[in-house]
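Undergrad: This is the structure, below, for whatever I ask next.
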């Protein structure tokens, strides 16, 4: 854990030290301002000639001005450090996520885990500003003030030393320990509360019909009260720490003041310095007030780090045996592929075999959860099977270097992502060297060129997060255009025409259409039943096993699962049909 | 920092607000006592030659003031927390009451996420407003005026310096704040892009991998994050200026007072103790301004949260269903008639249903078909009394639906929605729903829904906890539980949405059989997705764009 931060922080330390130095200077400027002001007044009270005051006056003005400037510099450099750390954190976490299999990554995206990780990374970036810099500044001023006061009298030094130790270390530690249980129960109560709110909002229909709104409301009231009680307990820890710290600072000041009075009385200290010393003691405690705020932040950091640590460490770059370009025709042979869920050990795929070569077009169908997407990602080399062989022209697929492997396999996943970049950038992901002409050509093939010509910025249209610019179907076709631009000999497609109107998907999946060419192999996971007639072979997957395989007429004659699915599919109303559109 | 709804809530918490004011006043008193005693002690030891023993009363008073300050600090936080808790609870209650009054039709599925946020994390802004902004605001109401009055009684010049510098603080902060906002809005698009890029890449990582382009992205992330740093810093350079002026004004104010008072002291126009007293009060005078400046955004966050809640609460809370009073109970399957019924969700949207007329005789099985958005669900919502027709009338056995008591009417309906909600609780509770079942009743309903075997193989059986935080269920299982609920209720009218979850023939055909059982001896309206369902219905009603386009029985061509 610490080792990770050590590497991440290593290049940032100079900025952090600079910021801590500025912070320290600002603290000293404040101490200086109050002490020299008090000295100025004490000196003036003795009514000397005006000239004797001039040094003190200059001092007051200097400190008055410098404090604000040092604070500004501290903030600026502190945030510079935070943003540098953010950059390093992002790269670090990207490197740990990148090697995970694509199917795993897709699960993360679907469960919205990435948003949480990004938020956690954003929390961690404040480590320098909210923890390291104030801690460093506090530590150095602690030493400085103890040493400085020892010059006057060791007892004064001792009072300050004990005061700061109590206020800065012991009290926060005690309250942190007290708060820990509270923070944990707060997380639980928060989950209860969320569940109660979800029921009251999402369940509103069922609750109204079954007359249980009153019951749900009671649950909500209880959950809300529970949440507030838990929040109160954790708040008490921080507030108590603040109040106790405040009192200790004041008490230490009183002790220091009493000692100073004794010193003046005994003649060990000139009276003119009394006020200055007293204010010096008072204002030196300033550096230690942010410590209680650190408590809360420490808890946030802890939670964020625990969540992020669940990720695997970054993977070392693997060395591949370099392979020569494979001679066409490219063939992909899968023999007895099996794959299990890592958690339960249940089979996702059981002994699946198939062969792809140019002109061979295979469809995979089956109920959801049958293992179709897993099969596709294994064939694409995104995920390793637990058993079985995968050979590309006789070579083990996993022994071929990733970039080369990728040049043979063209893949469109079910949830192909389009990035917040221009249409051209999104297309060139497939082939960075493609000319505008080639981009247009690929768009023509998926019947998208006309729609894009209508856009004011055409190929340079930015695809924003709000999805403006292109409709869902157009975005899907853009993914297909990207695939065609790559021109791979083997295409692996997961529901490529989902959400497209039947006419268009029919044209895309027609025999000798853009996706079913005789010089390419195709594996198609689909619910597009009209497309099946054009396929050479259909694999019916059920619970990971191929239960039926053959051409469309063969399968319908078998009267098995495929036949039932076919009937169920054709028993559904198709409201996209012409008759429903005409009345519009 | 004023917002009507927030103000209304604060007014109803008058005692806590008064408490804040009292605590601030007490805190002010402690500060004054402390500063006074401090000045008196230094003066006594320095100029009057007093020993520690002679100054004991001042030390005692200072210790008391120190305790008082710690206490007020704690009390201030406590009051802020209680204020926030009370207001959050009240606002949450208001939102839920509003939702309940407006009815389920006002909570479309696509908006539930937004609502959950508003009731949950959306309230954080209220915490900030009460806990950080208001607590500091109560100090600023008390401390600066009192300090000014005290300094005024000692020295005009010092008072004048304080009086002039104080208003400059908010002035400069606002001016610089606006400047920073301008710079930020100029860079907003770029900053948003750079800030969001990382998440975009992560979400698209599976795609990048598929293209073999993922490894090089680490470099792109590093490059863009660096760009984010430089452009963020260019905004922060200005944004931090407002804090700079704030600090500058307060420290320079203190410095100027020190020099001015020092010179007066030199010329004998002021006593040392008074001069030191003023010097000690000066930073305390400025402190509330500094704190309020630091928590300015907390105030904004609260106002923002309150505004969003206000917008929700204001939005037409018309309870469109009319609660009838007739004493009435349905014993047998009812006949239903729609007479020229129209409904629109709002004036600026096309009507969801237009002049719909049809009738269903007692015990008839009717299938509703039509593309999504054609008005099928609206028709169900009308029958469930979630909404009320704009014009026309719905008759149940000849009685107008609006004259029937809502709860009793709903008790006569078994409803199987498209997305049944599973509540946090046991399977048993989710089937029996609030009523106390007689022994074997739940088991019977589950058995008729075809859930028996599945439930019995669960370790906790009928006591298995489902819903949020409980066992996850597949779409098919959830559907069967909704069907079990309908069997359990055994009502004479059945409203059923047939939507399919997965293309799994075994599961779908089994559910189909169970539903056929459920339909017996009831008046049934089913939103049909399957042709066979429509075929087996007594009658089909086809809707399109809110209009009834065809009604009749299935005629195979």
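The values are calculated or read from the model by the stated rules, or taken from the named source; none is laboratory data. On a predicted model such as this, the values are computed, not experimentally measured, just so you know. Positions of Cβ are generated from backbone atoms using ideal geometry, with glycine treated the same way; all protein chains shown enter the neighbour counts.
Undergrad: Considering only residues that are under 30 Å from residue B:281 (Cα atoms) and facing chain A (nearest Cβ under 7 Å), which ones fall in region B:228-242?
TA: Listed by number, the list holds a single entry, B:240.
Undergrad: Being at pLDDT 70 or above and assigned to a loop (DSSP other than H, G, I, E, B) is the filter here, so list the residues in region A:277-314 that pass it.
TA: Result: A:289, A:310.
Undergrad: What are the residues in region B:253-274 that are within 7 Å of chain A (Cβ to nearest Cβ) and touching a residue at least 60 places away in the same chain (Cβ under 8 Å), if any?
TA: If the condition is that a residue be within 7 Å of chain A (Cβ to nearest Cβ) and touching a residue at least 60 places away in the same chain (Cβ under 8 Å), then B:261, B:272 are the ones that fit.
Undergrad: For region A:535-547, name all the residues that are surrounded by 19 or more Cβ atoms within 10 Å (Cβ to Cβ) and in contact with a strand residue (DSSP E or B) (Cβ under 7 Å, 6 or more places away or on another chain).
TA: A:535, A:538, A:539, A:540, A:541, A:544, A:546
Undergrad: Which one of these is modelled with pLDDT under 85 and assigned to a helix (DSSP H, G or I): B:306, B:239?
TA: Going through B:306, B:239 in turn, just one is modelled with pLDDT under 85 and assigned to a helix (DSSP H, G or I): B:239.
Undergrad: Can you tell me how many residues within region B:44-71 are in a helix (DSSP H, G or I) and at the interface with another protein chain (Cβ under 9 Å from one of its Cβ atoms)? Give the derivation first.
TA: Start the filter on region B:44-71 by keeping residues that are in a helix (DSSP H, G or I), which leaves B:44-46, B:53-71.
Imposing the further condition that a residue be at the interface with another protein chain (Cβ under 9 Å from one of its Cβ atoms) reduces the set to B:44-46, B:55, B:59, B:62-63, B:65-67, B:69-71.
Number satisfying all stated conditions: 13.
Undergrad: What do you reckon, is residue A:26 surrounded by fewer than 23 Cβ atoms within 10 Å (Cβ to Cβ), out of contact with any strand residue (DSSP E or B) (no Cβ under 8 Å at 6 or more places or on another chain) and not in a loop (DSSP other than H, G, I, E, B)?
TA: No, not satisfied.
Undergrad: Sticking with this structure for a sec: Filter region A:245-270 down to the residues that are within 17 Å of residue B:40 (Cβ to Cβ) and more than 7 Å from chain B (Cβ to nearest Cβ), then identify the one that is surrounded by the most Cβ atoms within 10 Å (Cβ to Cβ).
TA: As a first pass, look at region A:245-270 and keep what is within 17 Å of residue B:40 (Cβ to Cβ): A:250, A:253-254, A:256-258, A:260-262, A:264-265.
Subset that is more than 7 Å from chain B (Cβ to nearest Cβ): A:253, A:256, A:260.
Details: A:253: 24, A:256: 24, A:260: 28.
That would be A:260.
Undergrad: For region B:439-453, which residues satisfy the criterion of being surrounded by fewer than 13 Cβ atoms within 10 Å (Cβ to Cβ) and not in a loop (DSSP other than H, G, I, E, B)?
TA: The first filter runs over region B:439-453 and keeps only residues surrounded by fewer than 13 Cβ atoms within 10 Å (Cβ to Cβ), leaving B:439-440, B:453.
Selection gives B:453 alone.
Undergrad: Would you call residue A:74 farther than 20 Å from residue A:305 by Cα and out of contact with any helix residue (DSSP H, G or I) (no Cβ under 8 Å at 6 or more places or on another chain)?
TA: No; evaluated as a whole, the condition is false for this residue.
Undergrad: If a residue counts only when it is surrounded by 22 or more Cβ atoms within 10 Å (Cβ to Cβ), which helices (runs of 4 or more DSSP H) contained entirely in region A:409-491 have at least 2 such residues?
TA: Helices (runs of 4 or more DSSP H) meeting the threshold: A:423-428, A:436-445, A:472-486.
Undergrad: Name the single residue, out of those in region B:39-94 being out of contact with any helix residue (DSSP H, G or I) (no Cβ under 7 Å at 6 or more places or on another chain) and within 30 Å of residue A:268 (Cα to Cα), that is surrounded by the most Cβ atoms within 10 Å (Cβ to Cβ).
TA: So, considering only residues that are out of contact with any helix residue (DSSP H, G or I) (no Cβ under 7 Å at 6 or more places or on another chain) and within 30 Å of residue A:268 (Cα to Cα), the one surrounded by the most Cβ atoms within 10 Å (Cβ to Cβ) is B:64.
Undergrad: Let me ask something else about it. If I go through region A:200-219 residue by residue, how many of them are assigned to a helix (DSSP H, G or I) and closer than 21 Å to residue B:497 by Cα?
TA: Residues that pass the stated criteria total 8.
Undergrad: Within region A:224-233, is even one residue buried (at least 23 other Cβ atoms within 10 Å of the Cβ) and at the interface with another protein chain (Cβ under 7 Å from one of its Cβ atoms)? Working first, answer last.
TA: Filtering region A:224-233 down to residues buried (at least 23 other Cβ atoms within 10 Å of the Cβ) leaves A:227.
Then drop every residue that is not at the interface with another protein chain (Cβ under 7 Å from one of its Cβ atoms), which leaves none.
Within region A:224-233 (the criterion being buried (at least 23 other Cβ atoms within 10 Å of the Cβ) and at the interface with another protein chain (Cβ under 7 Å from one of its Cβ atoms)), the answer is no, since none of the residues qualifies.
Undergrad: I would also like to ask the following. For residue B:292, state whether it is more than 11 Å from chain A (Cβ to nearest Cβ), over 26 Å from residue A:46 (Cβ atoms) and surrounded by 21 or more Cβ atoms within 10 Å (Cβ to Cβ).
TA: Spelling it out, residue B:292 is indeed more than 11 Å from chain A (Cβ to nearest Cβ), over 26 Å from residue A:46 (Cβ atoms) and surrounded by 21 or more Cβ atoms within 10 Å (Cβ to Cβ).
Undergrad: Which ones in region B:14-38 are surrounded by 20 or more Cβ atoms within 10 Å (Cβ to Cβ) and under 24 Å from the mean Cα position of the chain (by Cα)? Reasoning before the result, please.
TA: Initial filter on region B:14-38 (surrounded by 20 or more Cβ atoms within 10 Å (Cβ to Cβ)): B:16, B:20, B:23-24, B:27-28, B:30-31, B:34-38.
Selection gives B:16 alone.
Undergrad: Let me ask something else. I'd like the full set of residues that are modelled with pLDDT of 75 or more, under 24 Å from residue A:364 (Cβ atoms) and either more than 26 Å from the chain's Cα centre (by Cα) or more than 7 Å from every other protein chain (Cβ to nearest Cβ) (or both), limited to region A:401-424.
TA: Residues satisfying the conditions are A:405, A:406, A:407, A:408, A:409, A:410, A:412.
Undergrad: Follow-up. Those residues that are part of a loop (DSSP other than H, G, I, E, B), under 31 Å from the mean Cα position of the chain (by Cα), over 16 Å from residue B:337 (Cα atoms) and at the interface with chain A (Cβ under 10 Å from one of its Cβ atoms), I need them from region B:374-417; list them, please.
TA: B:386, B:417 - these are the residues of region B:374-417 that are part of a loop (DSSP other than H, G, I, E, B), under 31 Å from the mean Cα position of the chain (by Cα), over 16 Å from residue B:337 (Cα atoms) and at the interface with chain A (Cβ under 10 Å from one of its Cβ atoms).
Undergrad: Are any residues in region A:29-57 in contact (Cβ under 8 Å) with a residue 40 or more places away in the chain, outside any loop (DSSP other than H, G, I, E, B) and more than 7 Å from every other protein chain (Cβ to nearest Cβ), and if so, which ones?
TA: A:29, A:30, A:31, A:34, A:35, A:36, A:39, A:43
Undergrad: Would you mind finding the one in A:132, A:143 that is in the same structural domain as residue A:14 (by TED's automatic domain parsing), within 21 Å of residue A:168 (Cα to Cα) and free of Cβ contacts under 8 Å to residues at least 40 places away in the same chain?
TA: Just a single option satisfies the conditions, and that option is A:143.
Undergrad: Could you check residue A:385 against (1) buried (at least 21 other Cβ atoms within 10 Å of the Cβ); (2) closer than 30 Å to residue B:506 by Cα; (3) without any contact (Cβ under 8 Å) to a residue 40 or more places away in the chain and say which number it fails?
TA: (3)
Undergrad: I would also like to ask the following. If you check B:192, B:178, which single one turns out to be free of Cβ contacts under 8 Å to residues at least 40 places away in the same chain, within 13 Å of chain A (Cβ to nearest Cβ) and exposed (fewer than 15 other Cβ atoms within 10 Å of the Cβ)? Steps first, answer last, please.
TA: Numbers: B:178 fails: within 13 Å of chain A (Cβ to nearest Cβ).
Criteria check complete, one pass: B:192.
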